[in-house]
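Below is one structure, written out as C-alpha cells, with a few remarks after it.
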Amino acid sequence: MILIDGKKVSAELKSAIRDEVTQRSILGLKQPHLAAILVGNDGGSETYVAAKVKDCHEVGFQSTLIRFSDNVAQSELMDAIDKLNRDPSVDGFIVQLPLPRHINENSIIEAIDPSKDVDGFHPLNIGKMALGLPSYLPATPSGILQLIDYYKIETSGRHCVIIGRSNIVGTPLSILLSRKSSPGNCTVTLCHSQTKGLKEICLQADILIAALGKPAFLTGDMVKQGAVIIDVGTTRVPSLTTKSGFRLSGDVNFEEAAPKCSFITPVPGGVGPMTRIVLLQNTLKAAGEKRR
Ligand code: GUN
C-alpha cells in the first residue's frame, strides 16, 4: 500500500508558485492578489480562510480579507462582489461557503466575474470545464487529478466510483475523470444518498472516491483488493486527545480500508493540502491572464 502524501506534493507545487512570483517581480509585474469574503464566525470557515491567507503570504501573494457578520444583507454582499469585480488590483477572489440561509448562494456565485472566479464555481467556468475548454477548475477536483498524475496512477479504462454528488466535488470530478484526457478516460459511476446496492458498486471500483462528508463511512468490506482510495472527507469530530477538542475525520475507515489498497490518501495530509494549492495556482493564472 502506498500512502499518497498530499503534504509533500503540495509543498513542491507551492515552491514552484513561489518561484514564479519571484520571476514576476524580476519582470516588474505586480504580486498576484487574492481576496476572500468571509461571512459569520463558523469555526470551519474561519480556519479555512485563515489558512488561505497564510498560503498567500507564504508564496508572496497580496491577500485581502473582507468580513461580514452573519446577518449581512444580500445587497451588501452583492455590492462587495461588484467592487471586487471592478477593482483592477484584485486578480481573483472567493466567497467562502456555506453562506447563511437567508443568502441566495447561487445569485452570489453568479455575480462573480468569471475571469476572477478562482474557485471555479461560476456556471460559465463549470460549463467550460464540462466542454473541456480552458477554465478555472474547482480546487478539490483539480487537486485530486494532480495527485493522481503525480503518483502516475493509471486511470484510462478503469472503473471509478465516486460517492457524493456535490457541486464542488463529486459532480465536477465525475465530469473530469470521464473526459477523454489524462488523467481521465475512466468509466465513472456517481453514487449518492439514493443509490441502491452501494456496497456492490464500490466493490467493482478500481478507483474509489469518498466525498459525502460522513466520517468513516467507507468500510473495509466495501473495498476491492488493490483499489485506489481517495478520501475527500474533512469532518470535525470531537476528540479528547487534541488541544482544540476536535480532530478531522475522513469519509474512509482508514484502518480497515488501507490494507486492501494499492494507494490511499490519509486525512489529514491527503487531498486537503492540494485543495489550497489549486486556489493559488488559479490566482497565479488569473494574474498571468491580466498581464500586469
Ligand atoms: N467551502 C468549502 N470548500 C470551499 C471552497 O473550496 N471554496 C469556497 N469558497 N468555499 C468552500
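All of the numbers you see were taken from the coordinates with simple rules; none came from a lab. This is a predicted model, so every value here is computed, not measured. All Cβ positions, glycine included, derive from the backbone under ideal geometry; neighbour counts span all protein chains shown.
Can you work out the FRET efficiency for the pair Met1 and Lys243, with r the C-beta to C-beta distance and R0 = 30 Å, to the nearest 0.05? E(calc), rounded to 0.05, equals 0.50.
Each principal axis of the Cα cloud of the chain was taken in turn, and the coordinate range along them, longest first, works out to 52, 42, 38 Å.
For the chain, the 222 nm mean residue ellipticity estimated from helices alone, with every DSSP H stretch of n ≥ 4 adding -39500 (n - 2.57) and the total spread over all residues, rounds to -12500 deg cm²/dmol. Please report the base-10 log of the normalised intensity I(q)/I(0) for segment 198-291, using a Debye sum with one equal scatterer per alpha carbon and no solvent, at each q in 0.14, 0.26 (1/Å). Here log10 of I(q) over I(0) equals -0.59, -1.25.
Spin-label model, Glu289/Asp42: points 7 Å from Cα along the beta carbon direction are separated by 2.6 nm. Qualifying trypsin sites (Lys or Arg not before Pro) in segment 125-188, where qualification requires a DSSP coil assignment and no more than 13 other C-beta atoms within 10 Å, comprise Lys152, Lys180. Seen through its C-alpha gyration tensor, with square-root eigenvalues sorted a ≥ b ≥ c, segment 27-109 comes out oblate because a/c lies at 1.5 or above while a/b is not bigger than b/c. Site pair Asp113 and Asn71 shows an inter-label distance of 3.3 nm when each label is modelled 7 Å from Cα along Cα→Cβ. What's the whole-number percent of alpha carbon pairs in segment 64-209 lying beyond 19 angstrom? It works out to 58 percent of all Cα pairs. Of the three principal axes defined by the Cα atoms of segment 245-291, the extents in descending order read 50, 33, 12 Å.
Compared with the rule-of-thumb size 2.2 N^0.38 Å for a compact globular protein, segment 171-230 has a Cα radius of gyration ratio of 1.13.
Taken over the alpha carbons of segment 111-182 as equal point scatterers, the Debye sum produces base-10 log I(q)/I(0) values at 0.16, 0.21 Å⁻¹ of -0.55, -0.92. With a Förster radius of 45 Å applied to the C-beta separation of Arg179 and Arg101, the computed FRET efficiency comes to 0.85.
If you take all other residues with their beta carbon under 10 Å from the beta carbon of Leu212, and give Lys and Arg +1 and Asp and Glu -1, the sum is +1.
Our note on the geometry: Cα centres of segment 112-152 and segment 49-96, 19 Å apart. Taking other C-beta atoms within 10 angstrom as a stand-in for reagent exposure, Arg247, Arg86 fall in the order Arg86, Arg247, fewest first.
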